[in-house]
Amino acid sequence: ATPPSYVVGKTSQDRIDALKDSKDPKQQQLGRTIENAQIAYGDLIAKGARIEVTTSVGNGGHPVLLITGPGFDRSKDARVHTHYHGDNATVADPLGSKAGTNARIRDVIAQDPQTVFVLPESGRAGTQVDSPQHDNYYSVHWEETVVSQTRTTQDVLAGAGITQVGKQIVSFHSGGGKVVQRLMEL
């Protein structure tokens, strides 16, 4: 079954708080991811971007963020870019974070609105995002999270109703490169 998908710009604080107050640590992480994405990408959402968060058994039940830019056209093929972040990062780091993923995503969707980003969250991501105001020191541990890159991407696209897929890209940054070893083991 496709897990529920939360549209970041439309998820109420009450719903986020309910997720964060859950006894299930993965639901707590889901609530934090939605809340952090509202902050990190709020201005992009206001310009017409659609950002969704779901979970996937392919990512060990942990959150996965999907970003489509303001000019995305569902009737055309999507260029799907699945990106695994590195140490000290989360999928919802704000502009100015050290990895620079947020800024690069914005540049890409401005140049190619058909690019869709799928951002799996590490099972060990901290409760705060990495930013100029806070250093988020931790090491990603994808071994307990990654089950299937393909399933992770498929679950997120299905949850968002994206069926037209062209080129697919998988990338890794820093500690995200541990995913390659994990996928080879599987």
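The values are calculated or read from the model by the stated rules, or taken from the named source; none is laboratory data. None of the values given here were measured: they were computed from a predicted structure. Every residue, glycine as well, gets a Cβ built from its backbone with ideal geometry; the counts of neighbours run over all protein chains shown. Protein only, heavy atoms only, side chains kept; ligands, DNA and RNA dropped before computing areas. Shrake-Rupley method; radii C 1.70, N 1.55, O 1.52, S 1.80 Å.
Answer yes or no as to whether ASP87 is surrounded by fewer than 23 Cβ atoms within 10 Å (Cβ to Cβ) and more than 22 Å from GLY177 (Cβ to Cβ). The answer is no for ASP87.
Taking the residues in segment 162-186 that are part of a loop (DSSP other than H, G, I, E, B) and among the polar types (S, T, N, Q) as candidates, determine which candidate is most open to solvent (accessible area, probe 1.4 Å).
So the first thing to find is which residues in segment 162-186 are part of a loop (DSSP other than H, G, I, E, B), and the list is 162-164, 173, 186.
Add one more test, that the residue is among the polar types (S, T, N, Q), and what stays is 163-164.
Values: THR163: 119, GLN164: 75 Å².
It comes out as THR163.
Considering only segment 7-26, state which residues are within 17 Å of the chain's Cα centre (by Cα), open to solvent by 30 Å² or more (accessible area, probe 1.4 Å) and modelled with pLDDT of 95 or more. Matches in segment 7-26: VAL7, GLY9, LYS10. ARG182: modelled with pLDDT of 90 or more, of a type in the set (D, E, K, R) and touching a helix residue (DSSP H, G or I) at 6+ places or on another chain (Cβ under 8 Å), yes or no? Here the answer is no, as ARG182 does not meet what is asked.
Within segment 94-121, the set of residues being assigned to a loop (DSSP other than H, G, I, E, B) and closer than 20 Å to VAL179 by Cα comprises ALA99, GLY100, GLU121.
Which residues, counting only those in segment 144-161, are open to solvent by 70 Å² or more (accessible area, probe 1.4 Å) and either of a type in the set (S, T, N, Q) or modelled with pLDDT of 85 or more (or both)? Spell out the reasoning first.
Residues of segment 144-161 open to solvent by 70 Å² or more (accessible area, probe 1.4 Å): 144, 147, 150-151, 154.
Scanning segment 144-161 gives VAL147, THR150, ARG151, GLN154.
Among residues of segment 74-84 being open to solvent by less than 50 Å² (accessible area, probe 1.4 Å) and not hydrophobic (A, V, I, L, M, F, W, C), the one that is farthest from THR115 (Cα to Cα) is TYR84. Restricting attention to segment 66-110, the residues that are without any contact (Cβ under 8 Å) to a residue 60 or more places away in the chain and within 11 Å of the chain's Cα centre (by Cα) add up to 5.
Can you pull out the residues in segment 1-21 that are part of a helix (DSSP H, G or I) and either of a type outside the set (A, V, I, L, M) or more than 19 Å from ALA46 (Cα to Cα) (or both)? Walk me through how you get there before you give the answer.
Just the residues of segment 1-21 that are part of a helix (DSSP H, G or I), to begin with: 8-10, 13-20.
Correct list: GLY9, LYS10, GLN13, ASP14, ARG15, ILE16, ASP17, ALA18, LEU19, LYS20.
Looking only at segment 27-58, residues that are part of a helix (DSSP H, G or I), among the small types (Gly, Ala, Ser) and either buried (at least 19 other Cβ atoms within 10 Å of the Cβ) or modelled with pLDDT under 95 (or both) come to 4 in all.
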